[in-house]
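Data first, discussion second: the structure below is written as structure tokens.
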Amino acid sequence: MSTAFEPYRLGDVELKNRIVMAPMTRSRAYGAGATPTDLMTAYYTQRATAGLIVTEGIQPSIVGQGYPDTPGLHTVEQVAAWRKVTESVHAAGGVVFAQLMHVGRVGDPDLLPSNQNVVGPSAVAAQGQIYTHAGMKPFSTPHALTEDEIAGTSADFAHAAANAVEAGFDGVELHGANGYLIHQFLSSNANVREDQWGGSAEGRIRFPIEVAAAVAEAIGAERVGIRISPGNPLHDIEEADLEETYKFLIAGLVDLDPAYLHIMETDGHRALTKALRAQWPGTLILNPATRPRPTGVEDLVLIEDGTADLLSFGALFLANPDLPARLAQGGPFNTPDRATSFGGDHRGYIDYPTLADQE
């Protein structure tokens, strides 16, 4: 029986434990040109206690940005700034993957150059609103990607992945969850295409597979993970043929042999998680559905019983930089300050005390 506190071999890197810091947008990339800052370096370095850190979503291109103050990995300046983060995390004994996140149709056009619009698989606006510095505003109708633009978007992901390796990251995670671009292609209401990129489950999985293949070719499959959230309705996502879609998706990903599959579980879908686990021969990271409480000590059994190889924690890692030590002794845990989750300064970011501080 494995435990959360044992080392784990992930591709070419050795993880000191099986506890993963889940990706969490924090909107503090205040550096020029959407670059990370010294504050972000401190934040990630504090959390190098994790076996694996997956960063906040990082846009692979200008048009991939959807929210204010989120970082990119598509310019020389961004690569140089991220290198400070990775060097510091590595010096603290950590392993860190960059999550590449293209928001697709749920972005804010005002963040983009004047000649560009948000994009998606189809010209279908999501129901709901997006946060901007000027306040909430409705999602706009996206430009439907052409065949050439789909190829260009895959190339953007591959270029950003190569930039991530140049910046010192140990690998990348493709954000195929939470209603962003890759998930939009999987969706039966965001993707209403009738060409080879839509129409059926086999068509809708093509873009995620193409992106994963392009990134694997650029940096090696052993450095590539992908995050999915089957059944997650966030950002007006519908998946009419849920089980069939993910069965086909996993089959295509298995052929690429990436470093890991990261499932963000949706309420009521543990049976699907177990079915995908049975289909997936490689490393599986699980961010289990535990609402309304955060993932905690009681969920470590999911590693012990083989449901997952590694377990990812969001809210508790936000508030507890030394989370593995706290999990090992059963607490106590700092409570996350939700008011400081997005944007702001050091407060609610790098000022959460460790056990040593509290002693």
Fill in the blank from the handout: When the chain is treated as a Gaussian network with springs between alpha carbons less than 10 Å apart, the largest mean-square fluctuation among Leu276, Leu73, Leu52 is found at Leu276
Completion exercise
Applying the gyration tensor rule to the Cα atoms of segment 104-253 (axes a ≥ b ≥ c; rounded if a/c under 1.5, else prolate if a/b exceeds b/c, else oblate), the class is oblate
Practice task
Among Ala212, Ala151, Ala315, determine the one that fluctuates most according to a GNM of the chain built with springs between C-alpha atoms less than 10 Å apart.
Solution key: Ala151
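Check each of the chymotrypsin sites (Phe, Trp or Tyr not before Pro) in segment 3-72 and keep only those in coil by DSSP with at most 10 other C-beta atoms within 10 angstrom; list them in order. Let's see the in-between values first.
Numbers: sites: Phe5, Tyr8, Tyr30, Tyr43, Tyr44; in loops: Phe5, Tyr30.
Filter output for segment 3-72: empty list.
Starting from segment 194-286, pick out the chymotrypsin sites (Phe, Trp or Tyr not before Pro) whose DSSP state is loop and whose Cβ has at most 12 other Cβ atoms within 10 Å.
Values: sites: Trp197, Tyr246, Phe248, Tyr260; in loops: Trp197.
Qualifying residues, ordered by number: none.
Subtracting the Cα-Cα distance from 0.36 nm times the residue separation, let me have the gained length for Asp357 to Val192 in nm, one decimal.
Result for the pair: 54.0 nm of gain on full extension.
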Exercise for the section: Determine the relative contact order of the chain: mean sequence separation of Cα pairs under 8 Å and six or more apart, normalised by residue count, in whole percent. Expected result: 17 percent
Practice task
Compute the signed sum of charges (Lys and Arg +1, Asp and Glu -1) over the other residues within less than 13 Å, Cβ to Cβ, of Gln59.
Solution key: -4
Exercise for the section: Express as a percent, rounded to the nearest 5, the fraction of DSSP beta bridges in the chain (both residues included) that run antiparallel. Expected result: 15 percent
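Taking the Cβ-Cβ separation of Asn115 and Gln329 as r and a Förster radius of 56 Å, what is the calculated FRET efficiency to the nearest 0.05?
Numbers: r = 55 Å, r/R0 = 0.99.
E(calc), rounded to 0.05, equals 0.50.
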Problem - Over the chain, volume per residue of the alpha carbon convex hull, in Å³ - result: 125 Å³
Exercise for the section: Please list, in chain and number order, the residues 5+ apart from Ala167 or on another chain whose amide H is under 5 Å from its amide H, with Hs placed from the backbone. Expected result: none
Handout entry: Peptide ranges 224-235, 323-334, 31-42, 165-176 listed from the most packed, as the mean C-beta count within 10 angstrom indicates
Key = 165-176, 224-235, 31-42, 323-334
Completion exercise
Between the alpha carbon centres of segment 52-83 and segment 132-185 the gap in Å comes to 10 Å
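Rg to Rh for segment 297-359: what is it, with Cα atoms only and Rh by Kirkwood? Can you show the working numbers first?
Working: Rg = 13.3 Å, Rh = 12.9 Å.
Rounded to two decimals, Rg over Rh is 1.03.
Starting from the Cα-Cα distance between Ser27 and Glu222, subtract it from 0.36 nm times their residue separation and give me the gain in nm to one decimal. Show your work: numbers first, answer last.
Numbers: separation 195, 0.36 × 195 = 70.20 nm, distance 2.89 nm.
Result: 67.3 nm gained on full extension.
Tell me the GluC sites (Glu not before Pro) within segment 208-273 that lie in a loop according to DSSP and have at most 15 other beta-carbon atoms within 10 Å.
Values: sites: Glu210, Glu217, Glu222, Glu238, Glu239, Glu243, Glu244, Glu265; in loops: Glu238, Glu239, Glu265.
Sparse-neighbourhood loop GluC sites (Glu not before Pro): Glu238.
Every number here is computed from the coordinates shown, using simple stated rules; none is lab data. The shown structure was predicted, so the numbers you read here are calculated from the model rather than taken from an experiment. Here the Cβ is made from the backbone with ideal geometry for all residues, glycine too, and neighbour counts use every protein chain on show.
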